[in-house]
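Here the structure comes first, spelled out in structure tokens, and everything after it is commentary.
The values are calculated or read from the model by the stated rules, or taken from the named source; none is laboratory data. Bear in mind that the values here come from a model prediction, so they are computed numbers and not experimental data. All Cβ positions, even for glycine, are placed from backbone atoms using ideal geometry, and neighbour counts span all protein chains on display.
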């Protein structure tokens, strides 16, 4: 597995390209700058096999429509509980983040639930429901890597003061990640990657 990280948009959202041995690619959280994402895909010599969304805030979904137009056979997947946020400008924060003010009917092909798995060649993405930052946010665990969206950052966690945020739910989600056995690399929605062991010992939100 190879992971390429691209900073997209004003919020510098991490868009991840996860590449298999067969050079098939999962795009995680294409938040903005679709031309840049497409250019990187072309540089890698492959079209995306799927788009995985950790949650539906506009800074994580802003390039979905353009990618779907360019790659019409590429399925889009997100947590089912996040569907009310997807395309709703009042919940997705689109106007605040430079997006449309009117509701958008955005494409989705599969709604995900706790424990679902998504197979891409040798890689198995397992869905972990982690609400709190948004009602239906999820993390994707593949091998020893967790793509945590805006649930867990290096020494911090996602905000809960936006519509649909729930501080108590986020605390449970973060502590659920804390209690996973073993070591993982955490690839967050913003900022630098970190290790779960480091977060267990230093992140104040993982204590208690």
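List of remarks:
- Positions within region 62-95 being crowded, with 23+ Cβ neighbours inside 10 Å and within 20 Å of residue 26 (Cα to Cα), in sequence order: 62, 63, 64, 78, 79, 82, 86
- Hits in region 154-183 (condition: crowded, with 21+ Cβ neighbours inside 10 Å and not in a helix (DSSP H, G or I)): 157, 158, 164
- Residue 125, sole failed condition from (1) out of contact with any strand residue (DSSP E or B) (no Cβ under 6 Å at 6 or more places or on another chain); (2) buried (at least 16 other Cβ atoms within 10 Å of the Cβ); (3) under 29 Å from residue 46 (Cβ atoms): (1)
- Condition met for residue 126 (free of Cβ contacts under 8 Å to residues at least 40 places away in the same chain and within 14 Å of the chain's Cα centre (by Cα)): yes
- Answer residue from region 1-24, given it is within 15 Å of residue 74 (Cα to Cα) and under 15 Å from the mean Cα position of the chain (by Cα) and is surrounded by the fewest Cβ atoms within 10 Å (Cβ to Cβ) among those: 17
- Scope region 185-202; condition surrounded by fewer than 21 Cβ atoms within 10 Å (Cβ to Cβ) and assigned to a loop (DSSP other than H, G, I, E, B); matching residues: 190, 191, 192, 193
- Which listed residue, of 116, 59, is without any contact (Cβ under 8 Å) to a residue 24 or more places away in the chain and buried (at least 16 other Cβ atoms within 10 Å of the Cβ): 116
- Candidate set from region 41-56 (those that are out of contact with any helix residue (DSSP H, G or I) (no Cβ under 8 Å at 6 or more places or on another chain) and surrounded by 16 or more Cβ atoms within 10 Å (Cβ to Cβ)); member that is farthest from residue 90 (Cα to Cα): 41
- Single residue of region 64-96 satisfying the filter (in a loop (DSSP other than H, G, I, E, B) and more than 18 Å from residue 140 (Cβ to Cβ)) that is modelled with the lowest pLDDT: 87
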